[in-house]
1. Hey, can you tell me all the residues within the range 285-320 that are open to solvent by 10 Å² or more (accessible area, probe 1.4 Å) and part of a loop (DSSP other than H, G, I, E, B)?
2. Can you confirm whether Ile264 is open to solvent by 60 Å² or more (accessible area, probe 1.4 Å), of a type outside the set (D, E, K, R), part of a helix (DSSP H, G or I) and on the phi < 0 side of the Ramachandran plot?
3. Which condition does Glu413 not pass, out of (1) more than 9 Å from ligand 1 (Cβ to nearest atom); (2) within 30 Å of Gly489 (Cβ to Cβ); (3) touching a residue at least 40 places away in the same chain (Cβ under 8 Å), if it passes all the others?
4. Which one of these is surrounded by fewer than 19 Cβ atoms within 10 Å (Cβ to Cβ), in the same structural domain as Ser217 (by TED's automatic domain parsing) and closer than 25 Å to Thr303 by Cβ: Ile158, Ile165, Ile146?
5. I need the full set of residues from the range 482-515 which are surrounded by fewer than 17 Cβ atoms within 10 Å (Cβ to Cβ) and under 31 Å from the mean Cα position of the chain (by Cα), in order please.
6. Right, Leu398: within 16 Å of ligand 2 (Cβ to nearest atom) and among the aliphatic types (A, V, I, L, M) or not?
7. Could we say that Leu184 is open to solvent by 50 Å² or more (accessible area, probe 1.4 Å), part of a helix (DSSP H, G or I), touching a residue at least 12 places away in the same chain (Cβ under 8 Å) and aliphatic (A, V, I, L, M) here?
8. Return yes or no: is Thr363 under 17 Å from Ile427 (Cα atoms) and either open to solvent by 30 Å² or more (accessible area, probe 1.4 Å) or within 16 Å of ligand 2 (Cβ to nearest atom) (or both)?
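The values are calculated or read from the model by the stated rules, or taken from the named source; none is laboratory data. Everything numeric here is computed off the predicted structure, so don't read it as measured data. Virtual Cβ from ideal backbone geometry, glycine too; neighbours counted across all protein chains shown. Only protein heavy atoms, including side chains, enter the accessible area calculation; ligands, DNA and RNA are left aside. Shrake-Rupley method; radii C 1.70, N 1.55, O 1.52, S 1.80 Å.
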Amino acid sequence: MASYNFDTSERDQVARRESYKWILGHLSRNKIKFFIMVFGTLGTNVLRIIIPFLVGIMIDQAIIPRDEDELTFYTFLILILGVVRILLSYLTIYVTNSISWNSIRDIRVEFFTKLQDKPLEFHNRVRSGDLMALATNDMSQLGFMINPGIRLVSDAFIGLAVVIILAITIDPLFTLILTPFFILYLISIRNYNREMKPISQTFQQKWSLISRSAQDSITGVRVVRAFNGEEFEKKQFLEVVTDFKKTWYKQQMLVAKYWPLLIIYLTIGFSFIVGVWFVTEGLLTLGELVSINGMLLLLILPTFIISFAVGMLQGGLAGGERIFHTMNAYDAEEAIETTYLDWPKQIDGKIKFENVNFKYDGTEKYVLQNINLEIESGKTIALVGPTGSGKTTLTKLLSRFYNYEGIITLDGEDIQNFHLQDLRQNIGRVEQDIFLFASTIKENIMFGIGDRQVTQEEIVLTAKTAQAHDFISTQVDGYDTLLGERGVGLSGGQRQRLAIARCLLTDPKILILDDSTSAIDSETEERISLAMNEVMKNRTTLLITHRLSAIRKADKIVVLKDGSIKAIGKHDDLISTSKDYRRIFSKHIDLPPISEGGK
Ligand SMILES: Nc1ncnc2c1ncn2[C@@H]1O[C@H](COP(=O)(O)OP(=O)(O)OP(=O)(O)O)[C@@H](O)[C@H]1O
Ligand SMILES: [Mg+2]
């Protein structure tokens, strides 16, 4: 199976920008809060850096001339601005927090909804472990980026800008002398950012690998046990974790060699020495020296914080990008806009396949070729054929799980013209591989009915028809018995009967039963086939089975081989005319000879 490409480096700039726009859209959904966040961050930084600036002015204008009025004025001004800054900072953090929570909540809902609506092609391609990593790890990375990542990184840049602007008002020449340091500072941050980026990305990929690996061995635990694979699984997991540790180590090494902080210290030292010289030369006052150096000192903390906040920003952006792209992958096919027909009040259930060809996305071989098939309403057709011949696939096309070539009609209307929900709601399916949810038996039976209210009696009646009532009654809590994940605790036959009950409760007009009786013993099978005869009345049924008793009763038998229809007919005809049909049954029953001379 080709794996879905999570490598962000290959995507072009345009696609990346699109994802950033999407994130920004979420952040700015509430305009007032967004405004508070932007201007609050700006204002907090201005108020933070203006304090040493004012201290310098206070030294020159109040302390040195010993002007008590001025001193009181500046003391109060600094005090008030300090309090305002704390309040503003509190408000900004509060609002940013709220934006972060709301955005992540909305993004989670959007992500979940989109995954539910994805074509099956998507779910075939994307590993569920990767989706889990997106829903948990990438989602929280995105959250950390919004708060506090963006704020912490902007503190450093806004801080620097405010320092430069205020320094220019103090002494443009002095600022000019410091400019090379500022440029070096910015370049070193950019380089750090660049070096960190691939590491952050690998970090994420490795993390995704860990959760995928954990998921695989947890969901596959029974296979692992059956094949004594515990040691192998442990070893593999250890490898993945060790690999992850290496990336983490690399990241820490890079953080250790963090240049911007060193440059800030150099700037402060240089500025102090030159500043003292300027003061002695009378080019700068003492207060101005205190202002500039005090402001520079305030850049230390944000610069230090950038060393890991950059990781937050990159992690969040990369995570957001992955979420965005996964959400929008394989969308094109279902986005085709047509004017859908309303679902008819009364449908007969007449189905027709006309020149249908199909291959799975990403594969070369046609799995179904030139399928022409007509199923009268209320009739049962049996699909038979060797394994891999395309039986299951054919029924999946009817539910429009995939896009195909050719036309499939229902009551003469192209099924493409209906809403997907309507179509699928009216097709009942009992799958070959039955999935039960980790909830009660009752909830599992009621799964397909949506908001419709049903009584306990109705459920019991349905279960009885599906021959499931007896074994349900013997469970500890009856219909309220909790099933484990994937229905651990039920036998294959019991799961199938539950699935049949689930399907019957939706009362579909069209029924697809995929090998549904294969795991049921012959006594139950007999009972079930009696019930099924009831159930199949007035429903168009596609039955995939190799059980002769069921096939015999079918109105029509379709023999599939290598994706093509080899023969259509009744059992008695096919057994004497179709080699392919005979081959299917030759192992199980004594066939009448085609020609004389058999035993
Ligand atoms: N998701 C998929 N992606 C790619 N190929 C697939 C996919 N599902 C099935 N196939 C291929 O399509 C072919 C038909 O598969 P299908 O499941 O329809 O066979 P089947 O007749 O139902 O077999 P069985 O009797 O074993 O259930 C097989 O060759 C299979 O390998
Ligand atoms: Mg199948």
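1. Matches in the range 285-320: Thr285, Leu298.
2. Criteria not met by Ile264.
3. (2)
4. On inspection, the qualifying residue turns out to be Ile165.
5. Answer for the range 482-515, where residues must be surrounded by fewer than 17 Cβ atoms within 10 Å (Cβ to Cβ) and under 31 Å from the mean Cα position of the chain (by Cα): Leu482, Gly484, Glu485, Arg486, Val488, Gly489, Gly492.
6. Yes: the conditions hold for Leu398.
7. Yes.
8. no
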